[in-house]
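Following: one structure in structure tokens, then a few remarks.
The values are calculated or read from the model by the stated rules, or taken from the named source; none is laboratory data. In this text, all values refer to a predicted model and were calculated from it rather than measured experimentally. Reconstructed Cβ throughout: ideal geometry from the backbone, glycine too, with neighbour counts over all protein chains shown. Calculation scope for accessible area: heavy atoms of the full protein, side chains included, ligands and nucleic acids excluded. Shrake-Rupley method; radii C 1.70, N 1.55, O 1.52, S 1.80 Å.
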Amino acid sequence: MLSYIALLIMATGVSTYSILQLGQMRGITHSIILLDTNLLDLHKNMADALLSASRYEKNITIMWDPALYKSFLASKKDFERYLEEAMTLAESDGGIREVLSRLEERHRAYQALFAKEVALLEAGKSLPENRNEEEKEQMLNQALEELAQLKTLIHQSTFRKVRELDEAGVKAQTMAVVITAVAFLLGLLLSVSITRSIIVPLSRMKKKTVEIAAGALEPDLDLPSPPEIGALAQAFNIMCAKLKEVDRMKSEFFSLMSHELRTPLTSIREGTNLFLEGKGGGVTEKQRKLLTIISEESNRLIRLVNSLLDLSKLEAGMVPFNITGNDLPPLIDRTLDELMPLAESRDITLEKEIKEIPQVAMDSERIRETLRNLIGNALKFTPPGGSVRVAVRRTDEGVHISVTDTGPGIPREHIGGIFEKFRQVSPADSRRLQGTGLGLAIVKHIVHAHGGRIWVESEVGQGSTFTFVLPV
């Protein structure tokens, strides 16, 4: 609580100081916009009006024209109006006001000299040869010089205010950095304290949750402090122990059930085959169809039982692996030759791309089973006229083997659980394909037993690519 209060006080101090500095900077900016910018505009307008009047004055002295004189008077009136506005804006700036006063004097002197000439011209008289042309020109030039000095003073004022803005910004920044650094250090100490007491245990619990999701059910989470988190960790351990016991019972049940089912199923299959061969007497065509269905379903159940037994043994670590250095290309060729009749019957093209690779430490029969499962699945889901491609390449990680099909693809929401037991994804066209849902789970166990990993990349309508990597 004290740490939070200190942080709040420092944050309030920074905010208050920043508001005061922003108010000062706003006042300076306001002055630049309303005073200096407007004065520059008025300077330009006064210069334009004075030069315009000078042009009219020269033309009038050459040839009298009342219309030109009327334009001259309009320019004179504009100059005086702009000068009056500038005087009003510069009330608080003595230097600029002094220049404007001198400018007003020069302009009046210039106007007085020209007014004498206009009086003669209006009376129809010619201008004398010895008129004060040089003096009038001198007054005009002095007025323009005052305008130039006015512009210089305005720019100097603007620069000074910008410099004040910069100094105010630097002060505010320095103060904010100092207070922020102190607040950061205090906040860092507070964060370390919170991390040691809460975040670190929660991170370990999160990691354990991921391990549980991956199947690691060891009750080894030890978090004695804080007490509440320690109690939660103990609950996690109890949950892991229960899940591990349930998983063991499930594996034992599948193993026992598979053993018990295989013998009667084999008897049913063999008995059905004997009837089909006519050993039990003649059978009608209808009976033959029923016996054929029974035989096919018996074979499917036996395959399911065998898969369950294999998976149970793999999960229990009871499957021996004879891992030796072997060449992978001949193994792939034999698997493709074995599945070629199935591909031809479905009008599917089998392709391969095998680059130069070294020998791989593997159990040839288990890797061949993996290839048979992956290529068989690809053939099952690829429509007639499609293709299945097997590619092998060497990477820094090891040897990558990928099986790519042109099937309907796997929806994104099903990709995460595709390697779980009894998980089958129906294709996008809603066709139901027969299978046990254990093949990919068996493949995953075999690849992991070799120290590799397996994954799938797929988009609906674009086919799927199953890839597994074996270390060299």
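Within segment 362-372, work out how many residues are open to solvent by less than 40 Å² (accessible area, probe 1.4 Å) and more than 11 Å from Glu338 (Cβ to Cβ).
The number of residues fulfilling the criteria is 6.
Among the candidates Asp78, Asp41, Asp48, Asp36, which residue alone is of a type outside the set (Ser, Thr, Tyr), in a helix (DSSP H, G or I), at pLDDT 85 or above and farther than 15 Å from His107 by Cα?
The unique qualifying residue is Asp41.
Among the residues of segment 284-295, how many are without any contact (Cβ under 8 Å) to a residue 12 or more places away in the chain and surrounded by 13 or more Cβ atoms within 10 Å (Cβ to Cβ)?
1
Before we move on, is Glu133 over 55 Å from the mean Cα position of the chain (by Cα), farther than 23 Å from Ile62 by Cβ and of a type in the set (Asp, Glu)?
In short, no.
Pick from Thr37, Thr61: which is out of contact with any Cys (no Cβ under 7 Å at 6 or more places or on another chain) and open to solvent by 40 Å² or more (accessible area, probe 1.4 Å)?
The conditions single out Thr37.
Here's a check for you: in segment 40-58, which residue that is more than 29 Å from Gln156 (Cα to Cα) and out of contact with any Phe, Trp or Tyr (no Cβ under 8 Å at 6 or more places or on another chain) is most open to solvent (accessible area, probe 1.4 Å)?
Arg55
Looking only at segment 73-88, count every residue that is open to solvent by less than 40 Å² (accessible area, probe 1.4 Å) and either charged (D, E, K, R) or free of Cβ contacts under 8 Å to residues at least 24 places away in the same chain (or both) and tell me the total.
So the count comes out to 1.
One line per residue, one yes/no per condition, for (1) in a helix (DSSP H, G or I); (2) aliphatic (A, V, I, L, M); (3) at pLDDT below 80:
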position: Pro128; (1), (2), (3): no, no, yes
position: Glu137; (1), (2), (3): yes, no, no
position: Leu150; (1), (2), (3): yes, yes, no
position: Arg160; (1), (2), (3): yes, no, no
position: Arg163; (1), (2), (3): yes, no, no
position: Thr180; (1), (2), (3): yes, no, yes
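Give all pairs with beta carbons closer than 7 Å in which a residue from segment 437-453 that is within 15 Å of Ile415 (Cβ to Cβ) and modelled with pLDDT of 85 or more meets a residue that is in a loop (DSSP other than H, G, I, E, B) and of a type in the set (Val, Ile, Thr); count only pairs at least 6 apart in sequence or on separate chains.
Every condition considered, the pairs that remain are Leu440/Ile418.
Take the conditions touching a residue at least 60 places away in the same chain (Cβ under 8 Å) and open to solvent by 50 Å² or more (accessible area, probe 1.4 Å) and apply them to Glu164. Does it pass?
The answer is yes for Glu164.
So which residues in segment 90-111 are within 19 Å of Ala49 (Cα to Cα) and open to solvent by 50 Å² or more (accessible area, probe 1.4 Å), if there are any at all?
Within segment 90-111, Arg102, Glu104, Glu105, Arg106, Arg108 qualify.
Would you mention how many residues in segment 436-464 are part of a strand (DSSP E or B) and open to solvent by less than 30 Å² (accessible area, probe 1.4 Å)?
Qualifying residue count for the region: 5.
Residues Lys380, Lys355: which one is under 29 Å from Val472 (Cβ atoms) and out of contact with any Ser or Thr (no Cβ under 9 Å at 6 or more places or on another chain)?
Matching residue, one of Lys380, Lys355: Lys355.
Going residue by residue through segment 118-136, is there one that turns out to be among the aliphatic types (A, V, I, L, M) and in contact (Cβ under 8 Å) with a residue 60 or more places away in the chain?
Yes, segment 118-136 has at least one match.
Which one is nearest to Leu339 (Cα to Cα) among residues in segment 383-402 that are β-branched (Val, Ile, Thr) and surrounded by fewer than 23 Cβ atoms within 10 Å (Cβ to Cβ)?
Only one residue fits best here, namely Val390.
Given the options Leu121, Leu68, name the one that is open to solvent by less than 60 Å² (accessible area, probe 1.4 Å), in contact with a Ser or Thr (Cβ under 9 Å, 6 or more places away or on another chain), in a helix (DSSP H, G or I) and over 29 Å from Leu39 (Cβ atoms).
Leu121
When you go through (1) surrounded by 14 or more Cβ atoms within 10 Å (Cβ to Cβ); (2) assigned to a helix (DSSP H, G or I) one by one for Pro219, which number turns out not to apply?
The one condition Pro219 does not meet is (2).
With the condition kept exactly as written, say whether any residue in segment 227-246 is under 34 Å from the mean Cα position of the chain (by Cα), modelled with pLDDT under 80, exposed (fewer than 14 other Cβ atoms within 10 Å of the Cβ) and among the β-branched types (Val, Ile, Thr).
Within segment 227-246 (the criterion being under 34 Å from the mean Cα position of the chain (by Cα), modelled with pLDDT under 80, exposed (fewer than 14 other Cβ atoms within 10 Å of the Cβ) and among the β-branched types (Val, Ile, Thr)), the answer is no, since none of the residues qualifies.
Looking at (1) surrounded by fewer than 19 Cβ atoms within 10 Å (Cβ to Cβ); (2) assigned to a helix (DSSP H, G or I), which is the only condition Ala378 fails?
The failed condition is (1).
Within segment 171-196, can you find the residues that are of a type outside the set (A, V, I, L, M) and either at positive phi or in contact (Cβ under 8 Å) with a residue 12 or more places away in the chain (or both)?
Scanning segment 171-196 gives Lys171, Thr180, Gly187.
Return the only residue of Leu103, Leu68, Leu73 being under 16 Å from Leu42 (Cα atoms) and of a type outside the set (S, T, N, Q).
When all the criteria are applied, what remains is Leu103.
Please specify each residue of segment 344-364 satisfying the condition of being in contact (Cβ under 8 Å) with a residue 24 or more places away in the chain, farther than 15 Å from Arg393 by Cα and out of contact with any strand residue (DSSP E or B) (no Cβ under 7 Å at 6 or more places or on another chain).
Of everything in segment 344-364, those that are in contact (Cβ under 8 Å) with a residue 24 or more places away in the chain, farther than 15 Å from Arg393 by Cα and out of contact with any strand residue (DSSP E or B) (no Cβ under 7 Å at 6 or more places or on another chain) turn out to be Arg346, Asp347, Asp363.
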